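Just below is one structure, and these are the notes that go with it.
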Amino acid sequence: MLSARKVKLLLASMATCLFAVSALAEYQQSNQDLLAGEVMAIAYSGFREGQHPDRGNGAVNPSAQEITEDLKILVNHGFGLIRLYDAGENSRLTLSLIKQHKLPIKVLLGIWLDAEVSNHEGCPWLDEPIPDSKLQTNKLRNAAEIQRGIALANQYPDIVVSVNVGNEALVEWNDHMVPLPTVIDYVRQVKGAIEQSVSVADNYEWWIKDGATLAAEVDYIGVHTYPAWENKSIDEALPYTIKNIQDVAKALPGKPIAILEGGWATTAKEFPQQASDTNQKRYYQEVKKWAEESNTTFFFFEAFDEPWKGDPANLQGAEKHWGIFYVDRTPKLVMKGD
């Protein structure tokens, strides 16, 4: 006889399967809508202990040997498509190493946009306005970043399959806000200078409420969705993810969709009940199955744990623990045996 707990788990699993079947009938893409023909892709930065991007005092980047090790780990675990977040030195080196070692990896290249307006009234962790002088400097930096992204896309046309302009630079709570007309102008600049597809990555809710004018400009809609951040249980995670994408598709019909970020932390002081290796593995497996059936590219966030992220004093903070590999490059449960 099944225990009450096992019956509950069985019923929850059946409900999830039935939801996925009905959801698939409402949202279905063509396999031509997949980026580089890939379903499960991975977000990659590669910063190890003591390393970090430029936070005002310069970057401490991974070495060529470390990046090569990372890329080979990802290839050995079946990943053929990675997402890079900017067009800086770290990304340039990653692209050159993929070419040098003839690795079977394609890249969604990022163009990072810094704040051009101060969102101190909307962002919970911006305690004071960003000075005008800093905003003006950021505009110059963004213009240069656009040109770097264009140059890399054109230098590596066989590796860079798409370019993403801006990462969560529009959603109301971000700390690096860029006005929508400016983002559209940047998108047009990039589209006019490269052959690859172009998108913008932002929160699903922003796309639903405010994304119509931008959707008309991009080649596909780049969506972020994080059920755990919204206090959803693991049983709710897949249905909630699918609903997010369905709602985007209904709000912005006729455009392909790719999930450019979605994942599950294995440690999180912010949501300790949800965060675990077991839940990460379950979420990965469930979204993979749905993404395969619906022809949706899903960039799982992220490849490796990154200790530089979040509050340095909060070692249990979620930002540090989204990797499917630990910072020492050993696999978490989700990658064991794959």
Inset, instruction - Calculate the radius of gyration of the Cα atoms of the chain to one decimal place, then report Dmax, the largest Cα-Cα distance, as a whole number, both in Å. - result: 19.6, 70
Inset, instruction - Could you calculate the FRET efficiency of residue 132 with residue 101 from 1/(1 + (r/R0)^6), where r is the beta carbon distance between them and R0 is 45 Å, rounded to 0.05? - result: 0.50
Inset, instruction - Figure the gain on full extension for residue 193 and residue 155 (residue separation times 0.36 nm, minus the Cα-Cα span) and round it to one decimal in nm. - result: 12.5 nm
Inset, instruction - May I ask which residue of 193, 258, 290 lies farthest towards the positive end of the charge dipole of region 185-312, with charges of +1 (Lys, Arg) and -1 (Asp, Glu) on Cβ and the Cα centre as origin? - result: 290
Legend entry - Positive dipole terminus of region 207-338, leading residue within 226, 207, 310 (C-beta point charges): 226
Legend entry - Accessible solvent surface per residue of the chain, calculated while the other protein chains remain in place, 1.4 angstrom probe, Å²: 45
Inset, instruction - Kindly provide the helix-only [θ] at 222 nm of the chain, computed as the sum of -39,500 (n - 2.57) over DSSP H runs of four or more divided by all residues, to the nearest 500 deg cm²/dmol? - result: -12500 deg cm²/dmol
Inset, instruction - Bin all alpha-carbon pair distances of region 101-200 at 5 Å intervals from 0 and give each bin's fraction as a whole percent. - result: 2, 13, 23, 20, 16, 11, 8, 5, 2, 0
Legend entry - Distance between region 223-258 and region 298-338 - C-alpha centres, whole angstrom: 22
Inset, instruction - Evaluate the distance, in nm, between pseudo-label points positioned 7 Å from the Cα of residue 315 and of residue 140 along their respective Cα→Cβ axes. - result: 4.2
Inset, instruction - Would you mind counting up the charge near residue 27? Only other residues with Cβ under 15 Å from its Cβ, with Lys and Arg at +1 and Asp and Glu at -1. - result: -1
Inset, instruction - Specify, per residue and in Å³, the volume enclosed by the convex hull of the alpha carbon atoms belonging to region 234-309. - result: 111
Inset, instruction - Let me have the relative contact order for region 166-229, percent, based on Cα pairs under 8 Å that are six or more residues apart. - result: 34
Inset, instruction - Return the single residue from 132, 202, 219 with maximal mean-square fluctuation; model: Gaussian network over the chain, springs between Cα atoms under 10 Å. - result: 132
Inset, instruction - Could you let me know the centre-to-centre spacing of region 78-134 and region 135-205, using Cα atoms, in angstrom? - result: 9
Legend entry - Per residue, the convex hull volume that the Cα atoms of region 179-338 enclose (Å³): 141
Legend entry - On Cα atoms only, tilt of 234-251 relative to the major axis of the chain in degrees: 50
Inset, instruction - Could I have the simple spin-label model distance between residue 120 and residue 231, label points 7 Å from Cα toward Cβ, reported in nm to one decimal? - result: 3.0
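The values are calculated or read from the model by the stated rules, or taken from the named source; none is laboratory data. All figures in this text were calculated on a predicted structure; none of them were measured in a lab. Don't worry about glycine lacking a Cβ; one is built from the backbone with ideal geometry, like all the others, and counts go over all protein chains shown. Surface areas here come from the heavy atoms of the whole protein model, side chains and all, with no ligands, DNA or RNA. Shrake-Rupley method; radii C 1.70, N 1.55, O 1.52, S 1.80 Å.
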